[in-house]
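The values are calculated or read from the model by the stated rules, or taken from the named source; none is laboratory data. Computed from a predicted model, the values in this text were never measured in an experiment. Backbone-built Cβ (ideal geometry, glycine too); neighbour counts: all protein chains shown.
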Amino acid sequence: MVQTKRLGGFAALNLGLIEDCYSMVTLTAGPAGGFCGETRGTLRRCAAQGRVTRGKERFGLVRLQKGAAHACLWLRDDRANRSDWADWSLSHEAAALRAEHLEGWDLEGVWRLQDEGRGPRLRLYDLPDRPEGFGQVVDIGDRAGLLAFAQAVNSGEAGADTLYRLTADIDLGGRAWTPVGADQNHPFLGFFDGCGHRISNFTVQAGKHHLAGLFGCVGRGGRVSNLAVDCMLLGRGTYAAPLCAINEGELVNCTATAHSALSHYTGGLVAQNSGSVFRCSALGRIGKGAPVPWWATALLLLLLCFPLPVYFALTAQAAGPELFAPVILDPNAQPIDPEESYIPAPEEESDTSASFIMNAEMYVSAENYAGDIGLRCPTWSTRGFVATARLTAEDQARIGYAGDGEPVPLYESGLIVPGYGVDVITLGALPDGRRLPAGEYELSVLLEFYDVETNEKSAVNSVIPLTVTVG
């Protein structure tokens with residue numbers, strides 16, 4: 001049996017109401033809808049301005065329209081061809097969009113047209129939601145508090161009349177996240193007010209969690225508002241979206257930025273909505289080039305079964321008088337899940353093999369410059385490695401950085417030993433303090449291999465290209 005897939009820049013499947021919402025998500029898999037994969041509910045004043053790059057018939061707004069859509073549109077650039085799009089009549093050229101095209105839209109209090117040098121673009125005003133009807137308030141100001149909140153919900157200890165309120169931005173440091181309301185039998189039923197703060201730098205394994213997102217299921221009566229999330233969705237699962245996998249309650253005034261692999265139902269903000277969503281926006285990328293598990297699509301699996309001359313070079317180096325300083329272990333490295341382990345064939349094994357796994361492409365948020373690199377040192381490798389991501393001289397010249405012609409390091413790991421990996425890295429600033437502007441770059445990743453017992457540095461290094469998109 002072929003399992004149906006739904007993919008949308010904002011929602012994969014809408015069974016409820018989505019009103020005054022916006023998507024600017026690049027969809028590199030198909031078939032997809034720029035805003036919604038399928039709707040059987042109602043869309044009202046919704047807009048999409050992402051890119052749909054796959055599919056014989058492309059849909060800028062909704063791929064399967066079985067409900068109602070009132071005053072909705074998608075925005076195209078001036079290079080779009082009418083013949084490529086099945087719903088061309090619902091589009092406007094972004095640079096030519098004017099207030100008269102948006103009859104019935106509130107352009108004073110909800111929506112705004114702003115000119116960013118490439119023509120007007122739609123944006124939402126920040127209109128804070130004020131939740132009511134709660135019995136007690138729990139403030140959350142750090143990682144420990146957020147983890148305690150998640151555990152309370154998933155264990156059934158959280159009250160439905162409780163308001164959980166963020167008091168600060170929370171960076172989860174690249175940790176793997178277990179969704180709040182992990183399934184529909186244990187949904188989140190309370191109130192969560194982000195108070196304009198952001199929860200960022202976390203990953204969710206869609207292959208492990210049926211409902212993958214910051215929230216798995218927001219149940220009827222549950223409400224999430226005034227929150228920004230920035231994360232990575234890894235692997236192929238069932239329902240996956242950065243803010244919420246399944247919404248049966250209300251999502252209000254929220255923003256999601258994510259780089260997501262393709263699950264059966266994948267959305268830029270919510271995967272399946274049967275509740276209500278108001279004044280929310282989605283940014284990022286879904287599909288090809290997304291950080292999926294290495295056993296599925298990591299393109300750069302290198303097994304260096306060293307030829308005889310190199311092997312002798314290594315043993316000669318080991319026998320020399322040079323002393324090797326300890327290499328600091330990477331504090332962010334986590335054990336590789338046994339389910340992700342690759343078992344090499346007997347002929348691939350070697351006493352002097354150094355191997356690694358790394359995503360070929362990485363999306364980096366311009367908000368925090370974090371991206372998923374998917375670095376792995378397989379358990380069967382006999383060497384650990386240190387990875388350095390560097391900006392090439394060509395890209396330095398392109399952005400006007402006056403370097404000395406040498407690659408500029410933007411990230412350096414500690415020692416990653418066999419059986420461990422680092423999913424998320426953060427790119428640093430250039431020596432002059434600037435950060436990479438939005439755009440696409442071809443970084444070079446230098447891998448230096450070490451004997452993890454003696455700290456001897458191997459004679460062979462590897463330099464691997466990494467395509468990075470900052471957006």
- request: Could you grab the pairs with beta carbons closer than 8 Å, sequence gap of 6+ or different chains, first residue in segment 163-185 and under 28 Å from residue 128 (Cβ atoms) and assigned by TED's automatic domain parsing to the domain that holds residue 221, second one buried (at least 19 other Cβ atoms within 10 Å of the Cβ) and among the acidic types (Asp, Glu)?
  value: 163/193; 164/193; 165/193; 166/193
- request: Test each condition in (1) surrounded by 20 or more Cβ atoms within 10 Å (Cβ to Cβ); (2) assigned to a loop (DSSP other than H, G, I, E, B) for residue 406 and report the one that comes out false.
  value: (1)
- request: Read through the list (1) surrounded by fewer than 23 Cβ atoms within 10 Å (Cβ to Cβ); (2) in a strand (DSSP E or B); (3) of a type in the set (Phe, Trp, Tyr), then give the number of the only condition that residue 385 fails.
  value: (1)
field: Members of segment 90-118 that are of a type in the set (A, V, I, L, M), assigned to a loop (DSSP other than H, G, I, E, B) and surrounded by fewer than 14 Cβ atoms within 10 Å (Cβ to Cβ)
entry: 107
- request: Scan segment 70-96 residue by residue and report those that are in contact with a Lys or Arg (Cβ under 8 Å, 6 or more places away or on another chain), without any contact (Cβ under 8 Å) to a residue 40 or more places away in the chain, of a type outside the set (Asp, Glu) and closer than 26 Å to residue 12 by Cβ.
  value: 70, 71, 72, 85, 86, 88, 91, 92
field: Subset tally (residues that are buried (at least 24 other Cβ atoms within 10 Å of the Cβ) and not small (Gly, Ala, Ser)) for segment 231-252
entry: 11
task: Test residue 443 against the criterion of being assigned to a loop (DSSP other than H, G, I, E, B), surrounded by 15 or more Cβ atoms within 10 Å (Cβ to Cβ) and either at pLDDT 90 or above or in contact with a Leu (Cβ under 7 Å, 6 or more places away or on another chain) (or both), and give yes or no.
output: no
task: Please report, ordered by residue number, the strands (runs of 3 or more DSSP E) entirely within segment 238-353 with at least 2 residues that are modelled with pLDDT under 60 and assigned by TED's automatic domain parsing to the domain that holds residue 426.
output: 302-305
- request: Check whether at least one residue in segment 210-217 is among the small types (Gly, Ala, Ser), touching an Asp or Glu at 6+ places or on another chain (Cβ under 7 Å), crowded, with 23+ Cβ neighbours inside 10 Å and under 27 Å from residue 423 (Cβ atoms), and report yes or no.
  value: yes
- request: Of the numbered conditions (1) crowded, with 23+ Cβ neighbours inside 10 Å; (2) outside any strand (DSSP E or B), residue 195 fails exactly one; give the number of that condition.
  value: (1)
message: Which count do you get for residues in segment 119-164 that are part of a helix (DSSP H, G or I) and not aromatic (Phe, Trp, Tyr)?
response: 11
message: Quick test for you: out of 188, 215, pick the one residue that is in contact with a helix residue (DSSP H, G or I) (Cβ under 8 Å, 6 or more places away or on another chain), over 17 Å from residue 9 (Cα atoms) and either β-branched (Val, Ile, Thr) or modelled with pLDDT of 95 or more (or both).
response: 188
query: Within the bounds of segment 143-157, is there any residue that is among the hydrophobic types (A, V, I, L, M, F, W, C) and touching a residue at least 60 places away in the same chain (Cβ under 8 Å)?
result: no
- line: With criteria (1) surrounded by fewer than 24 Cβ atoms within 10 Å (Cβ to Cβ); (2) of a type outside the set (Asp, Glu); (3) more than 16 Å from residue 242 (Cβ to Cβ); (4) in contact with a Leu (Cβ under 9 Å, 6 or more places away or on another chain), residue 24 comes up short on (3)
message: Can you find a residue that is in contact with a helix residue (DSSP H, G or I) (Cβ under 6 Å, 6 or more places away or on another chain), in the same structural domain as residue 22 (by TED's automatic domain parsing) and modelled with pLDDT under 95 anywhere in segment 114-125?
response: yes
- request: Pick out the one residue from 220, 279, 285 that is closer than 27 Å to residue 139 by Cβ and either among the aliphatic types (A, V, I, L, M) or in contact with a strand residue (DSSP E or B) (Cβ under 8 Å, 6 or more places away or on another chain) (or both).
  value: 279
query: Across segment 67-123, what is the number of residues that are among the hydroxyl-bearing types (Ser, Thr, Tyr) and within 19 Å of residue 36 (Cβ to Cβ)?
result: 2
